[in-house]
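Encoded as structure tokens, the structure appears first; notes follow it.
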Amino acid sequence: MRGGERVLDALARSLPDVDLYTLFYREGTTTSAIDGLRVRTSPLNNLPGVDRHYRKLLPLYPWAAQRLKIEGYDLVLSISHAVAKNIRTEPGVPHLCYCLTPMRYIWDQVDAYLGNGVRRLLARPLIHALRRHDVAHSDREGVDRFVAISGTVAERIQHHYGRQASVVHPPVDCDRIRPSGENPEDFYLLLGGFVPYKRDAVAIEAFRARSDRLVVAGDGPMRRKLQARAPDNIEFVGRLPDDAITSLLQRCKALVYPQEEDFGIAAVEAQAAGRPVIAFGAGGALDTIRPLFVVRPDGELEWQEEEPAPTGIFFSEQTPESLNAAVDAFAAHRHLFDSETIRQQAEGFGQARFLRELSSEIEQLTGLPSPILS
């Protein structure tokens, strides 16, 4: 249940009678609302071992998306971070793409995923082929309207596809997460994704040089390697249910956020719990966090005086040294953060707002009342 699945869940609860087309699906792994849809899957879904090895099938994703026969509909809404937007639609059927990001493996995060060595060199023909396919299926014949999840993603859509996109921020379930009313406990929190762009290693290396306690929740391909090298003040608690994550968010001093996210639901959830966010100042964090100051590479603080009611701080380099300086600066200025005002910032990203704004985008595209709120 990451960002894309949470978007899908919000739409599934509002539109319980729609058909869902997806490359992969396993009943019981997301939500009952998603399971309640009529689900159609690609040929890849039936391959042996696909649950463990789906990432290795990336070269086949465009082919699999083209095999999905989407016929007999009045509107196609794709939720895309890879090839969902590249599906074939019937002529004259409007297609709105809610774009989580252009495929990060071939565009903005190639270095993070493939490095700069032999692996990157061998993958170069595949990357070029996927880029050509991606651009070819992003023109007005393929997608009638792009809607991005953040200003950063809208800029990527313009840069890679030459298309303009409006912004509708994803839904965050702020009703589920609220401040506890208690004083924070003596630990910082990292919600690890354990894939390269999450930069979990930056946080772990930063806290290696500190006595502060860091709790790391989550799982992913790189977890075991990072956990094996972690010092004693870093506690790995693994994958946890939503209520346990909520409890950690409510009790931590602050959420440590070293990654550049396309939007970053976790940062908003931390603020819904009334907790500040120590974030790398790029990507979706620019849309969701009001920084008290930015910690510059030389350690100096650039105060953001125009931002009332701060909800976090930014650091300017994805390095352990920069994050360490930010944690020091946060510790010295913790008294300037207020739980209730932080919570108010998160409330601006609620689910009702998401459905209302996406409905407006559908109505502008089709000229008809949106089915979402009817």
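For D328, state whether it is out of contact with any strand residue (DSSP E or B) (no Cβ under 8 Å at 6 or more places or on another chain), at pLDDT 95 or above, farther than 30 Å from R145 by Cα and of a type in the set (D, E).
Against the criterion (out of contact with any strand residue (DSSP E or B) (no Cβ under 8 Å at 6 or more places or on another chain), at pLDDT 95 or above, farther than 30 Å from R145 by Cα and of a type in the set (D, E)), D328 qualifies.
Among the residues of the stretch 132-166, write down those that are within 21 Å of the chain's Cα centre (by Cα) and in a helix (DSSP H, G or I).
D134, G151, T152, V153, A154, E155, R156, I157, Q158, H159, H160, Y161
Restricting to strands (runs of 3 or more DSSP E) lying wholly in the stretch 225-315: which have 3 or more residues that are buried (at least 23 other Cβ atoms within 10 Å of the Cβ)?
Once the strands (runs of 3 or more DSSP E) in the stretch 225-315 are filtered for at least 3 residues that are buried (at least 23 other Cβ atoms within 10 Å of the Cβ), what remains is 255-257, 277-280, 312-315.
Okay, residues lined up against (1) assigned by TED's automatic domain parsing to the domain that holds A165; (2) closer than 27 Å to I127 by Cα; (3) without any contact (Cβ under 8 Å) to a residue 24 or more places away in the chain; (4) not in a helix (DSSP H, G or I):
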position: A12; (1), (2), (3), (4): yes, no, no, no
position: D17; (1), (2), (3), (4): yes, no, yes, yes
position: T29; (1), (2), (3), (4): yes, no, yes, yes
position: P48; (1), (2), (3), (4): yes, yes, yes, yes
position: A65; (1), (2), (3), (4): yes, yes, no, no
position: K69; (1), (2), (3), (4): yes, yes, yes, yes
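Each row is one residue, and each column tells you yes or no for (1) surrounded by fewer than 16 Cβ atoms within 10 Å (Cβ to Cβ); (2) over 20 Å from A136 (Cα atoms).
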position: G3; (1), (2): no, yes
position: V39; (1), (2): yes, yes
position: R52; (1), (2): yes, yes
position: K69; (1), (2): yes, no
position: S80; (1), (2): no, no
position: K85; (1), (2): no, no
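For the stretch 101-125, which residues satisfy the criterion of being part of a loop (DSSP other than H, G, I, E, B), over 16 Å from the mean Cα position of the chain (by Cα) and of a type in the set (V, I, T)?
If the condition is that a residue be part of a loop (DSSP other than H, G, I, E, B), over 16 Å from the mean Cα position of the chain (by Cα) and of a type in the set (V, I, T), then I106 is the only one that fits.
Which number in (1) within 24 Å of the chain's Cα centre (by Cα); (2) at pLDDT below 95 marks the one condition that I289 misses?
(2)
Go over the candidates Y98, Y73 one by one and state the one that is in a strand (DSSP E or B) and within 24 Å of T366 (Cβ to Cβ).
After applying the criteria, what remains is Y98.
Conditions first: (1) in the same structural domain as I79 (by TED's automatic domain parsing); (2) surrounded by fewer than 17 Cβ atoms within 10 Å (Cβ to Cβ). I362 passes all but one, so which condition is the exception?
With respect to (1) in the same structural domain as I79 (by TED's automatic domain parsing); (2) surrounded by fewer than 17 Cβ atoms within 10 Å (Cβ to Cβ), I362 is out only on (2).
The values are calculated or read from the model by the stated rules, or taken from the named source; none is laboratory data. Just so we're clear, the structure is a prediction, and the values are computed from it rather than from any experiment. Reconstructed Cβ throughout: ideal geometry from the backbone, glycine too, with neighbour counts over all protein chains shown.
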